[in-house]
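The structure under discussion appears below in the form of structure tokens.
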Amino acid sequence: MTSASYPALRLRRTRAAAWSRALVAETVLAPADLIWPLFITEGEGVEEPIASLPGVSRWSVDLIRDRAREARELGIPCIALFPNTPPGLRSTDAREALNPDNLICRAVRAAKEAAPEVGVLTDVALDPYTAHGHDGLVDDAGYVLNDDTVDVLVNQALVQAEAGADIVAPSDMMDGRVGRIRSALEQAGHVNVQIMAYAAKYASAFYGPFRDAVGSRGLLKGDKKSYQMDPANAEEALREVALDLAEGADTVMVKPGLPYLDIVRRVKERFEVPVFAYQVSGEYAMIEAAAAAGAGDRDALVLETLMAFKRAGCSGVLTYHAAHAARLLGR
Ligand code: PBG
């Protein structure tokens with residue numbers, strides 16, 4: 001393609017000035033690329049900082065209204081809500097997940113009331129509701145039961161859609177759940193509620209601070225390797241994505257983010273559908289720790305990592321840095 005060579009060709013020429021770098025930039029990062037995950041807690045006027053996620057808090061439902069308005073002002077198109085269910089409401093059957101007045105449903109209604117223009121995404125999985133911290137129902141041996149769990153997830157998704165969720169995002173990694181959820185939503189008339197499938201979700205060591213935030217870390221028995229993917233596998237991720245799309249997923253997600261950009265790229269090239277990545281809690285904590293240790297400039301680290309997701313092919317990124325990044329980027 002390029003026939004010229006040095007010195008006729010000097011690639012540094014277009015890099016020499018800021019105006020020129022702006023002109024030749026191949027990728028754009030904007031607030032519209034961000035989804036802002038927010039944690040919810042009981043009470044009123046409550047903000048609870050999360051120690052392992054410095055700068056991130058749990059908010060009571062009334063304060064979620066302010067966060068939704070803040071997202072709108074910052075040009076962030078969508079927020080993702082995660083509940084810290086009170087310990088007394090966690091059970092082996094996760095029944096609180098189906099309560100139409102549970103924390104997440106109240107938060108969805110509050111957010112949609114405060115800022116109807118902002119999309120609301122909810123997580124479909126049972127880990128904030130089970131007494132053992134797993135994403136599904138377990139048998140006596142502790143194995144997470146697929147089909148029994150899917151039955152509950154379908155109803156959980158319906159309850160969330162009924163509360164006003166715009167996107168339901170199954171993060172549980174059970175087989176067959178996307179198809180079952182899609183047909184239940186159709187039957188209930190929620191034809192425009194989207195499904196963003198956590199399609200390639202890995203059994204990762206980067207979820208620790210999130211589990212603190214939703215209160216499941218101390219409860220979790222064992223690991224999630226019998227349902228979340230092995231970090232060694234990429235072909236399997238493509239099969240997961242193919243299945244979720246065939247079952248009716250509107251968009252797919254890869255999770256965690258930066259360590260799995262190769263998966264993002266392969267999914268994008270193979271399927272040509274909107275792909276999202278979740279820059280998860282441990283990744284956020286890593287950037288904050290690096291900045292606190294003086295290993296790098298926080299703002300620059302945040303923007304560079306988010307740009308990397310766009311460059312790899314993401315339509316958008318779930319990131320705890322969303323509000324901060326949106327402020328840095330302006331509108
Ligand atoms: C639960 C869920 C997890 C995350 C999102 N949904 C944790 C897990 O699977 O254990 C992780 C997000 C993060 O670490 O920021 N189904």
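Nothing in this text is a laboratory measurement; each read-out follows from the coordinates by a stated rule. Note that the structure is a prediction, hence the values are computed from the model and not measured. Cβ placement follows ideal geometry from the backbone for every residue including glycine, while neighbour counts extend to all protein chains displayed.
Assorted remarks:
- Sorting Lys255, Lys221, Lys201 from the fewest to the most surrounding beta carbons within 10 angstrom yields Lys221, Lys255, Lys201.
- Two-site label geometry, Asp147 and Leu219: point separation in nm, points 7 Å out along Cα→Cβ: 2.7
- Anisotropy class of the range 203-329 from Cα gyration tensor, a/c 1.5 cut: oblate
- Antiparallel DSSP beta bridges within the chain, percent to nearest 5: 10
- Phi angles across the range 188-201 convert, under the Karplus curve 6.51 cos²θ - 1.76 cosθ + 1.60 with θ = phi - 60°, into 3J(HN,Hα) values of 8, x, 8, 5, 9, 6, 7, 10, 9, 7, 6, 7, 10, 10 Hz, Gly and Pro given as x.
- If you run the Gaussian network model on the chain, springs between alpha carbon atoms under 10 Å, then out of Val152, Val191, Val144 the most flexible one is Val191.
- Each listed q (0.12, 0.29 Å⁻¹) maps to a log10 I(q)/I(0) for the range 29-95, found by the Debye formula over equal Cα scatterers with no solvent: -0.37, -1.25.
- Averaged over residues, the count of other Cβ atoms within 10 Å places the peptides 85-98, 108-121 in the sequence 108-121, 85-98, highest first.
- 16 Å Cα-Cα reach of Lys224 towards lysines, excluding residues that sit fewer than 8 places from it in its own chain: Lys201, Lys255
- Angle in degrees between helix 235-246 and the longest Cα principal axis of the chain, rounded to the nearest 10: 70
- If you take the Cα centroid of the range 120-148 and the Cα centroid of the range 68-86, the two points sit 24 Å apart.
- Two-decimal log10 I(q)/I(0) for the range 29-329, as the Debye equation yields it once each C-alpha is a single scatterer, q = 0.07, 0.11, 0.14 Å⁻¹: -0.23, -0.60, -1.03
- For the range 57-62, the Karplus equation 6.51 cos²θ - 1.76 cosθ + 1.60, evaluated at θ = phi - 60°, returns couplings of 10, 8, 10, 6, 4, 4 Hz by residue, with Gly and Pro reported as x.
- Relative to the dominant Cα principal axis of the chain, helix 281-292 is inclined by about 50°.
- Value in Å of the Kirkwood radius, where the range 70-156 supplies the Cα pairs that are averaged: 14.0
- Estimated vicinal HN-Hα couplings, Hz - the range 165-177 in sequence order (Karplus 6.51, -1.76, 1.60; Gly, Pro = x): 4, 8, 10, 9, 10, x, 10, 8, 6, 6, 6, x, 6
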